[in-house]
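Taken together, the values in this text are just the output of simple stated rules run on the coordinates, not laboratory data. In this text the structure is predicted, and so the values were computed from the model without any measurement. Please note: Cβ atoms are built from the backbone with ideal geometry, for glycine as well, and neighbour counts cover all protein chains shown.
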Amino acid sequence: MRIVVLVSGTGSNLQAVIDAVKEGTLDIEIAAVGADRPGTYGIERSAAAGIPTFVVDFKAHPDRAAWNDALAEAVAAFEPDLVLSSGFMRIVSADFIDAFGGKYLNTHPALLPSFPGAHGVRDALAYGVKVTGCTVHWADAGVDTGPIIAQEAVAVEDGETEESLHERIKVVERRLLVSTLASLAAEQKAAASPN
Ligand code: GAR
């Protein structure tokens with residue numbers, strides 16, 4: 001299974017995927033990593049791992065449609081079986097997702113459909129929930145919407161900050177992301193050679 005990963009930030013979830021591939025516990029190929037802006041640590045760490053990278057700068061395009069088309073073209077060049085949004089903080093169009101057969105995977109640091117958006121951890125904390133968690137799901141063109149594949153709960157501790165809670169969620173999120181990718185890769189392998 002060939003994947004292209006999209007990042008907007010530090011890419012610590014991506015690093016877990018890179019490590020699992022390197023250790024031989026995850027049988028996929030990271031064909032490329034792309035970002036929506038220059039200067040992300042996610043791109044830096046991918047380049048350091050020897051993975052091809054690209055940037056399709058949102059701000060360098062006249063409008064969202066032009067950016068979306070450019071992103072689709074850049075991703076398609078690597079012929080992925082699946083595109084992973086790993087902390088990618090931009091909404092892509094339905095056309096983009098269709099171009100990759102609907103195989104657009106997203107991870108989110110809350111138990112969707114609760115607390116979608118860019119501040120899932122902050123919003124859950126502000127609401128006062130006692131349990132939150134993370135979700136891996138097939139993304140559609142909405143904000144953190146689409147069929148859920150896997151979720152895991154994380155209890156909120158007394159005196160928790162957004163940073164401390166997000167860090168604890170990410171520990172679980174990384175494991176869930178790697179195990180979901182492993183299941184999807186195994187399914188694809190089985191489908192390719194049913195006997
Ligand atoms: C992750 O927790 C991911 O779930 C979240 O951004 C973080 C990226 O961390 N994504 C969203 O909030 C999407 N709505 P990372 O760059 O260190 O992997």
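Could you pull out the GluC sites (Glu not before Pro) across the range 102-195 that fall in loop regions by DSSP (anything but H, G, I, E, B) with no more than 11 other Cβ atoms inside 10 Å? Write down the numbers at each step before the final one.
On the way: sites: 152, 157, 160, 162, 163, 167, 173, 187; in loops: 157, 160.
Listed in order of number, the matching sites are 157.
For the range 72-161, run through the trypsin sites (Lys or Arg not before Pro) and keep only the ones in DSSP coil with at most 13 other Cβ atoms within 10 Å of their Cβ.
Values: sites: 90, 103, 122, 130; in loops: 90, 103, 130.
Loop-located and lightly packed - 130.
Between residue 193 and residue 54, what FRET efficiency comes out of the Förster formula 1/(1 + (r/R0)^6) with R0 = 30 Å and r the beta carbon distance, rounded to 0.05? Each step should come with its number before you reach the end.
Numbers: r = 32 Å, r/R0 = 1.06.
Rounded to the nearest 0.05, the efficiency is 0.40.
Hey, which of these cross-link pairs are over 28 Å Cα-Cα: 130/189; 22/189; 22/59; 103/170? Don't skip to the answer; put the middle values down first.
Values: 130/189 39 Å; 22/189 19 Å; 22/59 34 Å; 103/170 23 Å.
Where the Cα-Cα span goes over 28 Å, the pairs concerned are 130/189; 22/59.
Add -39500 (n - 2.57) for each DSSP H run of 4 or more in the chain, then divide by its residues: what number comes out at 222 nm, to the nearest 500 deg cm²/dmol?
On the way: 6 runs with 78 residues, N = 195.
Only helices count here, giving -12500 deg cm²/dmol.
What is the local net charge at residue 135, summed over the other residues whose Cβ is closer than 10 Å to its Cβ (Lys, Arg +1; Asp, Glu -1)? Write out the running numbers ahead of the final one.
Working: positive: none; negative: 144, 152, 173.
With Lys, Arg at +1 and Asp, Glu at -1, the net is -3.
To the nearest 0.05, how large is the calculated FRET efficiency for residue 61 and residue 158 if R₀ is 45 Å and r is the Cβ-Cβ distance?
Details: r = 45 Å, r/R0 = 1.01.
Between residue 61 and residue 158 the formula returns 0.50.
Quick one: among 142, 50, 101, which has the greatest mean-square fluctuation in a GNM of the chain with alpha-carbon springs under 10 angstrom?
Among 142, 50, 101, the largest GNM mean-square fluctuation belongs to 50.
So for the chain, averaging the separation of alpha carbon pairs under 8 Å that are six or more residues apart and normalising by length, what relative contact order in percent results? Let's see the in-between values first.
Numbers: 353 pairs, mean separation 39.5, N = 195.
It comes to 20 percent, rounded to a whole number.
May I ask you to derive the FRET efficiency for residue 93 and residue 41 from their Cβ-Cβ distance with R0 = 22 Å, giving the value to the nearest 0.05? Please list the in-between numbers first.
Numbers: r = 27 Å, r/R0 = 1.21.
With a Förster radius of 22 Å, E is 0.25.
How much length is gained on full extension from residue 126 to residue 79, taking 0.36 nm per residue of separation minus their Cα-Cα distance?
Full-extension gain reported as 12.8 nm.
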